[in-house]
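J.: If you scroll down you'll find the structure; I have some questions about it.
Laboratory data are not the source of any read-out in this text; all were calculated from the coordinates shown. Not measured: the values here are computed from a predicted model. Glycine gets a Cβ as well: all are built from the backbone with ideal geometry, and neighbour counts include every protein chain shown.
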Ligand SMILES: C[S@@+](CC[C@H](N)C(=O)[O-])C[C@H]1O[C@@H](n2cnc3c(N)ncnc32)[C@H](O)[C@@H]1O
């Protein structure tokens with residue numbers, strides 16, 4: 001678990017009282033560690049995955065977008081929240097990692113609901129049709145481009161739609177006055193959201209921080 005902001009014992013208790021991932025997600029997490037080594041840390045945590053599924057279910061989102069798919073963990077969690085006719089469009093730049101995702105979409109039985117677009121997301125996101133409002137988007141790709149992804153997605157987001165953004169606490173460094181470049185990027189993004197009168201937003205201390213943004 002990646003609960004950076006909880007006492008470890010409380011974190012364990014929390015996990016013991018959260019519905020755990022199934023065998024497909026467990027196998028994906030294992031293979032991701034074997035194949036990508038330390039990069040497996042980029043994968044969202046099981047409790048975040050549960051939250052993503054619930055937010056898609058609760059919002060009854062039908063048109064969902066993910067920016068940053070990696071080997072597919074979060075995409076499976078998002079797709080599992082979709083009702084009949086729901087679609088997930090995934091954006092990533094890496095063919096090798098997303099080849100693993102494609103295999104696990106088959107195993108999870110959600111492949112037919114998912115469309116993968118390979119390439120720089122700042123370009124490919126602009127191809128999303130303006131007349132098909134996005135109900136929910138999850139941003140978890142390269143951090144310096146967060147403001148770009150946010151603006152493109154805001155222009156496509158339905159009224160009442162949600163944007164979820166991962167790593168917004170950046171291991172707590174956002175609150176540290178001695179700031180490096182990556183931290184400055186996340187801080188600037190967080191400030192941009194706070195200053196945006198088009199939305200309300202809530203930062204959750206789950207994993208590395210997840211911001212839930214709702215467009216009016
Ligand atoms: C943190 S990982 C995503 C983890 C994923 N959400 C999960 O739970 O497994 C970030 C992903 O963003 C992708 N990425 C990085 N730069 C990108 C870009 N410019 N355009 C699209 N995807 C990019 C990487 O290839 C990587 O798969």
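J.: So what are the radius of gyration and Dmax for the Cα set of the stretch 8-215, in Å?
T.: For the stretch 8-215, the Cα radius of gyration and maximum Cα-Cα distance read 16.3, 48 Å.
J.: Please compute the modelled spin-label separation between residue 158 and residue 131, points set 7 Å along Cα→Cβ, answer in nm with one decimal.
T.: My value for the distance between the label points is 1.8 nm.
J.: Still on this structure: Which order do the peptides 63-69, 183-189, 21-27, 146-152 take when ranked by the mean count of other beta-carbon atoms within 10 Å per residue, highest first?
T.: Averaged packing, sorted descending, gives the order 63-69, 146-152, 183-189, 21-27.
J.: Starting from the Cα of residue 34, step 7 Å along the direction of its Cβ; do the same at residue 14; then give the gap between the two resulting points in nm.
T.: About 3.0 nm separates the two model spin labels.
J.: On full extension of the chain, what length is gained from residue 26 through residue 192, given 0.36 nm per residue of separation minus the C-alpha to C-alpha distance?
T.: Details: separation 166, 0.36 × 166 = 59.76 nm, distance 3.58 nm.
Gain in length upon complete extension: 56.2 nm.
J.: How high is the relative contact order of the stretch 8-215, in percent, counting Cα pairs under 8 Å that sit 6 or more residues apart?
T.: Values: 339 pairs, mean separation 33.8, N = 208.
16 percent.
J.: While we're looking at this one, here's another question. How far is the Cα center of the stretch 126-149 from the Cα center of the stretch 12-52, in Å?
T.: Value for the Cα centre distance between the two parts: 24 Å.
J.: Let me ask something else about it. Between residue 5 and residue 118, 0.36 nm times their residue separation minus their Cα-Cα distance comes to what?
T.: 37.3 nm
J.: Moving to a separate point now. Starting with the fewest neighbours, write out 166, 196 ranked by other beta-carbon atoms found within 10 Å of each beta-carbon.
T.: 196, 166
J.: Run the helix sum for the chain: -39,500 (n - 2.57) per DSSP H stretch of 4+ residues, divided by residue count, reported at 222 nm to the nearest 500 deg cm²/dmol. Provide the component values of the computation, followed by the final result.
T.: Values: 8 runs with 88 residues, N = 216.
Dividing the helical sum by the residues of the chain leaves -12500 deg cm²/dmol.
J.: Next question. Given the stretch 1-106 reduced to its alpha-carbon atoms as identical point scatterers, what log10 I(q)/I(0) does the Debye formula return at q = 0.10, 0.21 Å⁻¹?
T.: -0.29, -1.17
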